[in-house]
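The block underneath contains the structure these notes are about, expressed in structure tokens.
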Amino acid sequence: MTTAEAVTTVTPQRTTRNLPRIYALESFYELLKVVRLPTFILPTLLFPAMFYLLFGVSFGSGKTFGDTGVATYLLATYGAFGVIGAALFGFGVSCAIERGQGWTLLKQASPMPVSAYFVAKLLVSVLMSAIVIGILLILGLAFGDVAWQPGTLAKMTGVLMLGVIPFNAFGVLIGLGAGPNSAPAIANIIYLPMAFVSGLWMPIQALPSFLQQVAVTMPAYHYSQLALKVLDADAGGSTIIHLAYLGVFSVICFTIAIALWKRDEGKTFG
Amino acid sequence: MRKINPARLPATTLHNITKTYGRGKSATHALNSINLDIRQGEVTSILGPNGAGKTTAIKLMLGLLQPTSGEVSLFGSKPHDPVARVRTGAMMQIAGLPDTLRVEELVRLFSSYYPAPLALDRILDIAGLWEVRSRVFGKLSGGQKQRVMFALAVCGDPDLLFLDEPTVGLDIETRRSFWAQIRRFIARGKTIILTTHYLEEADALSDRIVLIDKGEVKADGTPHEIKATTSTRCVSCITSIAAQTALEHPAVQDARVNRARLEIATSEAEAVVRHLLDLDPNLRDLEIVGAGIDEAFLQLTHDEAPNHSDLVS
Ligand SMILES: Nc1ncnc2c1ncn2[C@@H]1O[C@H](COP(=O)(O)OP(=O)(O)OP(=O)(O)O)[C@@H](O)[C@H]1O
Ligand SMILES: [Mg+2]
């Protein structure tokens, strides 16, 4: 080391940091993690497609639920199923696991803006949702008897993508509230029964009436009803009520999540 | 010698901090009303046995924990203030990074959090990561992982560096080069807070040692001052005097023969030496050594060890 170097003092020229760059890098590396370890996210992408192929495209061929073709109907509900899965697993469970590793702690200890962490995870979840919807649309249009005008197609995609907000809010809740080992189990215990009761696998009208009453309390029910409204195949509830339910649900989840983030005493597990 | 400007703000302070984890019966009192000012431009080592509260103190300074009571400040602001945060870098004791990201990707990501980060090549150089720069984190050895964490801590060229047990698991050469990096940082006017269980490391690197135990500051001073807290010194020589005889002198705390040398622990070395010379004028190879940092540490942290003789009735 030269003497000149030793006497150099702190250079006070500090430019402000480049926030868009932080968000971009954070999101890029978040995506890179998913791409390099796809086994984690693959089931959430493939299960809806598999179910849809089986129950929608093949068993449902030529059949209808009311006036709507089964493949058409299930395209809406499995789309909802896929978006919820991407949120609960892609966001929620991965968040819980990283908390367990101590990666979250290290980021909290760095000057990273907290929002960058969540924006990155949200963007990846949006992308995963778009991929699930895309796969289902291709299957439905190519192999099912789905015949949608571009208008219906765009509207359906838009409504399904809206689900990203409430269910990622719920995902954060799981990510911050559950331990890394219990998070996958908790997510599944909520995900699968909720999907069934809310009529994502078969029309709500086909369920016993007490389950139909339970369904009304589920966010997935209100979400899928909005998607079915695009096809005029919903159970007849009011759009305003569905939207209001999902809005309030999102706010509650976010509020609890923020409290959990603050309370989280930098714990790591295992 | 470095000049320390006394008018400068402390880099970070803990004012009357108490931190209790949990509530009720399961509550752990990690810190009990401690006060600590970390002066800028110094290496401060926080030492203490396992569970003393070192990591807790660092987490409070970084705003990762809320104190149960008391005030924390970081560069004169709250620890959450982004303006203060971009001046810090931290190496946490427990941290797992994503196995699938490459070393240079991790460094690039963390560098983006800072307004004036060091160049990537420079960081890889400092942390000794050139050979593994494009390897994914999951395929690094333990020591290499440790170096990546060091790289992430220094990448933003922070004014204040928190290092919680940074040299655990490093080989001797890496540890040496790590020390050299710390000295280089300090030469550039930076402030470092270090915890370590390698006491000779703290002795060699620190301007100041803060010793905490059971959540309280037990000692605070330069390494020299800390060592001076234990007045016990070791007198040794080659002599015909038996250990038993030496023990008869009231100032001799302990005496034994080790490889033909008589070794005596005492806090009145001069009196003991005079006494020994009286007994054996032929005594040779006389040596008086001050106690090391280890002795000081043990003495300072064992003050309140239960006195077993009290328990025997
Ligand atoms: N998240 C937590 N929840 C409950 N208790 C905790 C938590 N973290 C630490 N403690 C307790 O607080 C005390 C101080 O812990 P801390 O981690 O600060 O010790 P330390 O000095 O860093 O120890 P070490 O040398 O082992 O790293 C310990 O008794 C520990 O068990
Ligand atoms: Mg510790």
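Coordinate-derived values only; no laboratory data. Since we're looking at a predicted model, the values are computed, not measured. We place every Cβ from the backbone using ideal geometry, glycine too, and count neighbours over all the protein chains shown.
Please get the size of the charge dipole for the protein assembly as shown, origin at its Cα centre, with Cβ charges of +1 on Lys and Arg and -1 on Asp and Glu, quoted in debye to the nearest 20. Working shown, then result.
Numbers: 50 positive and 48 negative charges, 349 e Å.
Its charge dipole is roughly 1680 debye.
What order do you get for B:Asp164, B:Asp254 when you list them from fewest to most C-beta neighbours inside 10 Å?
B:Asp254, B:Asp164
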(Q) Please list, short to long, the whole-number percent of alpha-carbon pairs of chain B in consecutive 10 angstrom bins beginning at zero. (A) 6, 22, 26, 21, 14, 9, 3, 0
Q. Which is the longest stretch in chain B that no exposed loop site breaks, taking sites as GluC sites (Glu not before Pro) with a DSSP loop state and at most 16 other Cβ atoms within 10 Å?
A. B:1-130
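Using Cα-Cα distances under 8 Å and only pairs 6 or more residues apart, what relative contact order does region B:167-313 have, in percent? Please list the in-between numbers first.
Details: 178 pairs, mean separation 32.7, N = 147.
Across region B:167-313, relative contact order equals 22 percent.
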Q: Tell me the label-point distance for the pair B:Glu200, A:Phe47, using the 7 Å Cα-to-Cβ offset, in nm and rounded to one decimal.
A: 5.6 nm
Q) Which angle from 0 to 90°, rounded to the nearest 10, does the C-alpha axis of helix A:70-85 make with the longest principal axis of chain A? A) 20 degrees
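At 37 °C and 0.692 mPa s, grab the translational diffusion coefficient of region B:254-297 from Stokes-Einstein with a Kirkwood Rh over Cα pairs, rounded to a whole number in µm² per second.
Working: Rh = 11.8 Å.
Roughly 279 µm²/s, to the nearest whole number.
Indicate the gyration tensor shape class of region A:124-232 (rounded, prolate or oblate), computed on the Cα atoms with a ≥ b ≥ c the square roots of the eigenvalues: a/c under 1.5 is rounded; otherwise a/b larger than b/c is prolate and the rest oblate. Working shown, then result.
Details: a/c = 2.07, a/b = 1.31, b/c = 1.58.
Oblate.
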**Q.** Cα convex hull of region B:86-145 - mean projected area over all directions, nm²
**A.** 4.2 nm²
Q.
If you build the convex hull over the alpha carbons only and average its shadow over all orientations, what do you get for region B:22-136? Give it in nm² to one decimal.
A. 9.7 nm²
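Just need the Rg to Rh number for chain A, please, alpha carbons only, Kirkwood Rh. Please list the in-between numbers first.
On the way: Rg = 21.7 Å, Rh = 20.0 Å.
My calculation of the ratio gives 1.08.
Looking at region B:188-303, I'd like the Rg to Rh ratio, where Rg is from alpha-carbon atoms and Rh is Kirkwood's inverse mean 1/r.
Details: Rg = 17.5 Å, Rh = 16.0 Å.
Here the Rg-to-Rh quotient is 1.10.
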Q) Say each of B:Asp278 and B:Arg259 gets a label point 7 Å from the Cα, pointing the same way as Cα to Cβ; how far apart are those two points in nm? A) 3.2 nm
Q: Based on a Kirkwood Rh over C-alpha pairs, give the Stokes-Einstein translational diffusion coefficient of region B:190-238 at 10 °C and viscosity 1.306 mPa s in µm²/s.
A: 128 µm²/s
Q: Collect residues whose amide H, placed 1.01 Å from N in the peptide plane, falls under 5 Å from the amide H of B:Glu216; neighbours closer than 5 in sequence don't count.
A: B:Asn32
(Q) Based only on Cα atoms, what mean projected area does the convex hull of region B:60-215 have, in nm²? (A) 9.7 nm²
Q. Where nothing but the Cβ of Lys and Arg (+1) and of Asp and Glu (-1) is charged, how large is the charge dipole of region B:1-133 around its Cα centre, in debye to the nearest 20?
A. 420 debye
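If you count, for every residue in B:99-112, the Cβ atoms of partner chains within 10 Å of its Cβ, what is the mean?
Values: counts 4, 8, 6, 3, 0, 0, 5, 2, 0, 3, 10, 6, 2, 12.
Taking the mean over all residues of the peptide, I get 4.
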Q | Bridge type composition, the protein assembly as shown - antiparallel percent by DSSP, nearest 5 | A | 70 percent
Q.
Can you compute the modelled spin-label distance between A:Met161 and B:Leu286, with each label point 7 Å from Cα toward Cβ, in nm?
A. 8.9 nm
**Q.** Residue pairs, from the table B:Lys25/B:Lys54; B:Lys54/B:Lys190; A:Lys63/A:Lys121; A:Lys262/B:Lys25; A:Lys262/B:Lys190; B:Lys139/B:Lys214, whose Cα atoms sit over 28 Å apart
**A.** A:Lys63/A:Lys121; A:Lys262/B:Lys190; B:Lys139/B:Lys214
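What is the Cα radius of gyration of the protein assembly as shown over 2.2 N^0.38 Å, N being its residue count? Please report the intermediate quantities before stating the final value.
Working: Rg = 32.0 Å, N = 583, 2.2 N^0.38 = 24.7 Å.
Against the empirical 2.2 N^0.38 Å value, I get 1.29 for the protein assembly as shown.
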